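**Student:** Here it is, the structure, as structure tokens.
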Amino acid sequence: MIIDWDTIDTVLLDMDGTILDRHFDDHFWLEHAPKRWAERNNTTIEYAKEHLYDLFRSQENTLNWTDLDYWSDRLKLDIPVLKQEVEHLIAVHPYVIEFLLFLKHTGKKIWLVTNAHSKTLDLKMKRTRIGPYFDGIISAHQVGLPKEDERFWGKLQDFIRYDPERTLLGEDSETNLATAKSFSIRYLIYISRYSSKVEPRKSEQFTTIDYFNRLIPESGSCCVTIK
């Protein structure tokens, strides 16, 4: 793909796995929450994982998937407080700040568009201090649909004015990129290094990068080529 920045007005960026290291989220939901649930219910960590993983999977592709209030009630745990116990794992991916500065310098509108719950957003923005780089932050909970729903990208225009033909979307979810494709968003970029703890895997459907420095053109150029 050839990315011509002169043809792009708006950049939409996902949060977890895209600009932030998903290791925090994976560790929390796969290890820390089951550990605390096992302690509260006086059971083994093995049983806790089996039980909770089934519960988590039952809410995939819904707003409940990222709703901390829903999970606090369902698990009888204070999920926001438990997240604070491991917040030291929250980290910005390499080259994200450089990319955001490039976008600011070139006058692009930058929106953080995430499925994350407001309480998760508050914790991560306080920890990373990256909020001021964005023109705004939109949660799927405001829109009323998860990004996995094809209707999301049209409904998003109630909150953000953007021309799909002049928009770039960065995501670590191929499902979300596919729903965006159905809405004709022109530049769709898959982030393969979503976690510092996994080996990146190239998408067979979408243009793939490991880090956002791949999208920054050389000085004096308007275009980059992603192979």
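The values are calculated or read from the model by the stated rules, or taken from the named source; none is laboratory data. Small disclaimer: the values here were computed from a predicted structure and weren't measured. Because the Cβ atoms are built from the backbone with ideal geometry, glycine has one as well, and the counts that use them run over all protein chains shown.
**Student:** From the list Leu63, Leu68, Leu55, which one is farther than 22 Å from Leu89 by Cα and touching a residue at least 24 places away in the same chain (Cβ under 8 Å)?
**Tutor:** Numbers: Leu68 fails: farther than 22 Å from Leu89 by Cα; Leu55 fails: touching a residue at least 24 places away in the same chain (Cβ under 8 Å).
Answer to the check: Leu63.
**Student:** Kindly list the number of the only condition in (1) surrounded by fewer than 19 Cβ atoms within 10 Å (Cβ to Cβ); (2) touching a His at 6+ places or on another chain (Cβ under 9 Å) that fails for His117.
**Tutor:** The one condition His117 does not meet is (1).
**Student:** Considering region 10-47 alone, what residues qualify as being surrounded by 15 or more Cβ atoms within 10 Å (Cβ to Cβ) and assigned to a loop (DSSP other than H, G, I, E, B)?
**Tutor:** Of everything in region 10-47, those that are surrounded by 15 or more Cβ atoms within 10 Å (Cβ to Cβ) and assigned to a loop (DSSP other than H, G, I, E, B) turn out to be Asp14, Met15, Gly17, Thr18, Ile19, Asp21, Arg22.
**Student:** Restricting to region 141-182, and then to whatever is among the aliphatic types (A, V, I, L, M) and touching a residue at least 24 places away in the same chain (Cβ under 8 Å), can you tell me which residue is surrounded by the most Cβ atoms within 10 Å (Cβ to Cβ)?
**Tutor:** Narrowing region 141-182 to residues among the aliphatic types (A, V, I, L, M): 143, 145, 156, 160, 168-169, 177-178, 180.
Subset that is touching a residue at least 24 places away in the same chain (Cβ under 8 Å): 145, 156, 160, 168-169, 177-178, 180.
On the way: Leu145: 20, Leu156: 22, Ile160: 16, Leu168: 21, Leu169: 28, Leu177: 23, Ala178: 15, Ala180: 26.
My answer is Leu169.
Quick grid of which residues meet (1) under 19 Å from the mean Cα position of the chain (by Cα); (2) within 24 Å of Lys109 (Cβ to Cβ):
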residue	(1), (2)
Arg166	no, yes
Gly170	yes, yes
Ser203	yes, no
Arg214	yes, yes
Cys222	no, yes
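Each row is one residue, and each column tells you yes or no for (1) of a type in the set (Ser, Thr, Tyr); (2) more than 30 Å from Cys223 (Cβ to Cβ); (3) over 20 Å from the mean Cα position of the chain (by Cα); (4) not assigned by TED's automatic domain parsing to the domain that holds Pro164.
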| position | (1), (2), (3), (4) |
| --- | --- |
| Asn42 | no, yes, yes, yes |
| Lys49 | no, yes, yes, yes |
| Phe56 | no, yes, no, yes |
| Asp67 | no, yes, no, yes |
| Ser72 | yes, yes, yes, yes |
| Leu77 | no, yes, yes, yes |
| Lys83 | no, yes, no, yes |
| Leu103 | no, no, no, no |
| Ala116 | no, yes, no, no |
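**Student:** Restricting region 8-63 to residues that are among the β-branched types (Val, Ile, Thr) and touching a Lys or Arg at 6+ places or on another chain (Cβ under 8 Å), which is farthest from Ser195 (Cα to Cα)?
**Tutor:** If we filter region 8-63 for residues that are among the β-branched types (Val, Ile, Thr), which is where we start, we get 8, 10-11, 18-19, 43-45, 62.
Next, only the ones that are touching a Lys or Arg at 6+ places or on another chain (Cβ under 8 Å) stay: 8, 10-11, 45.
On the way: Ile8: 27, Thr10: 25, Val11: 22, Ile45: 24 Å.
So the residue we want is Ile8.
**Student:** While we're looking at this one, here's another question. So Lys35 passes all but one of these: (1) basic (Lys, Arg); (2) within 30 Å of Thr225 (Cβ to Cβ); (3) outside the structural domain of Leu215 (by TED's automatic domain parsing). Which condition number does it fail?
**Tutor:** For Lys35, the failing item is (2).
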